[in-house]
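Read-outs throughout are calculated quantities, based only on the coordinates presented, and are distinct from any laboratory measurement. Just so you know, these numbers come straight off a predicted model, no measurement behind them. Cβ sites come from the backbone with ideal geometry, for glycine too, and all protein chains shown count toward neighbours.
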Amino acid sequence: MKNTAKARKNYLNRDFLPYFLSSLFVLGTMGCKQQKHSSTEVSNEIDSAVDAIGAVPNTIYTLTSKLYTADPSAHVFNGKVYVYPSHDFESGVPEDGNGGQFNMQDYHVFSMDSIGGEVTDHGLALHIDDVSWAGRQMWAPDATKKDDDYYLYFPVKDKEDVFRIGVAKSKNPSGPFEPMDQPIEGSYSVDPSVFEDTDGKYYMYFGGIWGGQLQKWNNGRYIGEDTYPAANAPAHMPKVALMADDMVSFAEEPKDAIILDENGEPITTADNDRRFFEAAWVHKYNGKYYLSYSTGDTHNIVYATGDNPYGPFTYQGIILDPVLGWTNHHSIVEYQGKWWLFFHDSSMSGGKTHLRSVKMTELTHNPDGTIKRINAYVEPNQ
Ligand code: FUB
């Protein structure tokens with residue numbers, strides 16, 4: 001599973017660089033038409049790109065080559081790393097401008113004894129047919145453990161085509177999980193992630209714009225149409241709610257987890273490089289709360305820090321540059337004394353946005369608490 005430098009260079013040459021180049025091209029030219037190239041021209045471009053970026057990128061581990069997986073939420077349970085990803089597959093639903101092609105129907109859980117070691121696919125953990133209230137599209141899940149129980153949190157559209165967040169329970173971290181017969185009351189939108197604080201409280205962060213429908217809600221009420229704050233007004237923010245003791249309901253109304261700029265002002269709608277889009281995740285490091293997320297239209301994974309789980313969080317910088325494919329979604333976990341970034345890209349499917357695969361690489365906190373920026377395709381400066 002580990003990509004050696006040589007294998008990695010071959011991988012870059014063979015599978016990835018044409019797509020990397022074209023995605024750079026798309027990102028860089030913003031609306032210009034992509035030119036057609038002969039295969040010789042493409043191969044020359046690949047060689048010079050390898051020279052330009054350096055042949056050996058970060059040490060990246062791939063979760064599995066057997067299934068398409070995305071949106072990885074990683075946790076350490078009982079000394080092992082468990083990964084709870086979306087299970088991408090080709091359902092045949094075309095892109096409809098609303099994320100319809102992300103038409104996932106089930107979840108598998110994966111575990112490993114070491115990063116880079118053998119990965120176990122524990123098989124079907126939950127299927128949409130077993131969720132009585134679900135309509136379609138099982139998106140990015142997360143899981144947590146409380147006492148002897150494991151909880152899988154998953155966004156799925158209900159029969160009215162509105163995203164809600166469901167919960168399923170198991171005695172085993174790999175499932176199978178038994179779903180509740182209702183979504184979490186007061187839940188909406190997508191991308192739940194549950195953070196266990198050091199005082200034993202659990203908080204859910206959630207929300208995603210565009211196909212994730214956050215922009216269709218106002219103060220916990222579904223308004224059914226897209227509404228965005230004015231360009232210079234505070235942007236849509238991720239939501240946060242304390243979990244009740246039963247772990248299947250909120251103890252409070254979800255609130256905004258406010259993200260501030262360096263002047264203490266909320267990040268605005270026009271600030272595409274920094275405003276929240278989806279994939280909120282919280283980890284705690286040296287007593288600080290790190291809220292990381294994918295950014296609007298720009299698809300960086302960035303982070304902001306705060307002094308408590310509700311924020312406000314002050315924007316700090318980029319963790320992960322955009323990856324091949326349209327989405328960027330990650331998690332951060334400490335394991336065996338190191339920190340790891342889990343993410344996905346579309347290299348395994350040759351760039352198809354809805355067919356992604358989960359990867360992981362080491363994440364570094366600098367001595368001042370900032371996080372070292374990662375480009376998954378470029379060797380970091382030593
Ligand atoms: O996997 C479907 C959606 O794509 C997720 O919910 C988003 O975070 C994005 O990765």
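Remind me, what semi-axes does segment 117-162 give for its equivalent ellipsoid, largest first in whole Å, using sqrt of 5 times each Cα gyration tensor eigenvalue?
On the way: eigenvalues 112, 41, 20 Å².
Result for segment 117-162: semi-axes of 24, 14, 10 Å.
Could you give the length gained by full extension between residue 370 and residue 227, i.e. 0.36 nm per residue of separation minus their alpha carbon distance, to one decimal place?
Contour length minus the Cα-Cα distance gives 48.1 nm.
Expressed as a whole number of Å, what is the distance separating the alpha-carbon centroids of segment 183-202 and segment 234-268?
For segment 234-268 versus segment 183-202, the Cα centre distance is 11 Å.
With a 10 Å Cβ neighbour count serving as the proxy for reagent exposure, in which order, fewest first, do 190, 83, 131 appear?
Fewest-to-most ranking of 190, 83, 131: 131, 83, 190.
Per residue, what volume in Å³ does the convex hull of the Cα atoms of segment 226-303 enclose?
So the per-residue Cα hull volume is 126 Å³.
Compute the whole-percent fraction of alpha carbon pairs in segment 249-382 spaced more than 27 Å apart. Could the numbers behind the result be given before it?
Working: 1839 of 8911 pairs.
Taking all Cα-Cα pairs of segment 249-382, the fraction more than 27 Å apart is 21 percent.
Taking amide H atoms as placed 1.01 Å from N in the peptide plane, list the residues 5 or more away in sequence, or in a different chain, whose amide H sits under 5 Å from that of residue 166.
154, 156, 184
Within segment 277-313, which residues have the backbone N less than 12 Å from the label spot 7 Å out from residue 263 along Cα→beta-carbon, could you tell me?
Label zone hits: none.
Considering the alpha-carbon set of segment 124-228 alone, what are its Rg and its Dmax in angstrom?
13.9, 42
Could you count how many Lys pairs in segment 90-210 have their Cα atoms under 21 Å apart, skipping same-chain pairs fewer than 8 positions apart?
Here the count comes out as 9.
How long is segment 323-382 along each principal axis, judged by its Cα atoms, biggest number first, in Å?
Rounded to whole Å, the extents work out to 38, 23, 15 Å.
Give the long-range amide H neighbours of residue 376: residues separated by 5 or more places, or on another chain, with amide H under 5 Å away, using H modelled in the peptide plane at 1.01 Å from N.
Result for residue 376 returns 321.
So if the hydrodynamic radius of segment 152-304 is defined as the Kirkwood radius over C-alpha pairs, what does Stokes-Einstein give as its diffusion coefficient at 4 °C and 1.567 mPa s, in µm² per second?
After rounding, the answer is 80 µm²/s.
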